[in-house]
Amino acid sequence: MALSLTKENYVLHRIHSITGVIPVGYYMVQHLALNSFSIGGEAKFNGVIDFFEGIPKHVLLAMEVLAIWLPLIFHAVYGVFIVSRAENNFFTTKYKWSHNRMFFLQRASGLVIFAFLIYHSLSTTGYKYATGDVERLKFAAWHEFFSNPLWVLVYATGIIASSYHLGYGIWNFCIRWGITVSEEAQTRIQKASALIFVALTLLGWGVIAGFIINKPGAAKTEAATAALVQPLSVATR
Ligand code: HEM
Ligand code: HEM
C-alpha cells in the first residue's frame, strides 16, 4: 500500500474514525465523569487523583501512552490533515444543508480541541511528569485556577467543543460505517447525538461549577469537626 502525504488514505481514514470513538471518545466520557467528583468536594475529587497516582508509575505511564496519547496524537494529527485538505465531499448535495453545517462544525471543533488539548495536557500531565509535582492536579489548585473567569471561559469552550465533536462524531461514525442506513435511523442517531452533546457539555460545565462552588480545606474542616465532635460525644455520655 503506497502512502502519500498529500492524498487521503482509506485505511488511515478508517483508523482515524475508530480512534475517535475508541479509545479517545471513551476516554473523554470517563475523564469528565471522574472529574465530576469535584461536585462532591475536595476529598472526593482528590480521592480520584490519589487513586491514579497510586497505580505503579510504569504501569500508569504505559496505560497513558498506549490507551490515550498514541491514539489521540494519531487522531489529532490525521484530523488536522483532513481539515487542511478541506475534503468536504463526505456530504455533498444529496444531503441536507443542516447536515453540511453540522459536518463543518464537527471539523472546526476538532481544531479548537487541538489547541485546547495542547495547553490542557501540557499543563496537567506534562507538568506532573516534568516536575514530579501532583498538587497542580488537585482540588485546591483547580479552585484557585477557576477564580479567573478567563480560564473558566477557556475550559467551558474546550468542553463544549469536545462534546460537540464527540456527539456529532458518533453520528458521522454511524453513517460512515453503515450502522445507520435508512433516513429514519439517521434521524434517530442525530437526536441521540444532540443528546450526547448536551449531556456531556452539562457534565463538563458541572465539573467547573464543582471547583468554583466547593471550597478547598472543607475536607480538613470536616475531619477536624469529626475529631472535635467525637470527644464531645464521649464527654456527654
Ligand atoms: C474541567 C474540565 C477538566 C478537568 C478538571 C480536567 C482534569 C485533568 C487532569 C487532572 C489531568 C491530569 C491527569 C493525570 O496526569 O493524572 C488531565 C489530563 C488530560 N485531560 Fe483533562 N480535564 C478536563 C477536561 C478535559 C477535556 C474536555 C478533555 C478532552 C478530551 C480532556 C483531556 C485530557 C487529556 C487528553 C489529558 C492527558 C491524559 C493523561 O495522560 O492522563 N480533559 N485532565
Ligand atoms: C485533538 C484534536 C482533534 C482533531 C484535530 C480532530 C479532528 C477530527 C476530524 C477532522 C474529524 C472528521 C473526520 C472526517 O472528516 O472523516 C474527526 C472525527 C471524529 N473525531 Fe476527532 N479530532 C480531534 C479530537 C477528538 C477527540 C478528543 C475526540 C473524542 C472526544 C474525537 C472524536 C471524534 C469522532 C468520534 C469522530 C467521528 C469519526 C468519523 O467521522 O467516522 N476527536 N475528528
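Throughout, read-outs are computed from the coordinates displayed, never taken from laboratory work. If you're wondering where the values come from, they're calculated on a predicted model, not measured in any experiment. Ideal geometry is used to build each Cβ from the backbone, glycine not excepted, and the neighbour counts take in all protein chains shown.
Karplus-based coupling profile of region 23-31, in residue order and whole Hz: x, 5, x, 4, 4, 4, 4, 5, 5, with θ = phi - 60° in 6.51 cos²θ - 1.76 cosθ + 1.60 and x standing for Gly or Pro.
Is the shape of region 145-207 rounded, prolate or oblate, going by the alpha carbon gyration tensor and its root eigenvalues a ≥ b ≥ c, with a/c under 1.5 for rounded and a/b larger than b/c for prolate? Taking the square roots of the gyration eigenvalues as a ≥ b ≥ c, region 145-207 is prolate.
Sorting LYS44, LYS215 from the fewest to the most surrounding beta carbons within 10 angstrom yields LYS215, LYS44.
The protection proxy used here, the mean number of other Cβ atoms lying within 10 Å of each residue, ranks peptides 35-42, 118-125, 17-24, 53-60 as follows, highest first: 35-42, 17-24, 118-125, 53-60. Let me make sure I get this right: for region 1-86, a, b and c are the square roots of the gyration tensor eigenvalues over alpha carbons, sorted descending. Under 1.5 in a/c it's rounded, otherwise prolate if a/b > b/c, else oblate. Which is it? It comes out prolate by the Cα gyration axes. Phi angles of region 65-78 translate, via the Karplus equation with coefficients 6.51, -1.76, 1.60 and θ = phi - 60°, into HN-Hα couplings of 5, 6, 8, 10, 4, 4, x, 5, 4, 4, 4, 5, 5, 5 Hz per residue; Gly and Pro are given as x. Ordered by the number of other Cβ atoms lying within 10 Å of each residue's own Cβ, fewest first, TRP171, TRP151 fall into the sequence TRP151, TRP171. Around the amide H of THR180, modelled in the peptide plane, lie the amide H atoms of ILE175, all under 5 Å away and 5 or more residues distant in sequence or on another chain. Test of understanding: extend the Cα→C-beta vector of VAL112 to 7 Å, then name every residue of region 59-80 with backbone N under 17 Å from that spot. Zone members listed by number: 80. Comparing Cα centroids, region 107-125 and region 158-183 end up 19 angstrom apart.
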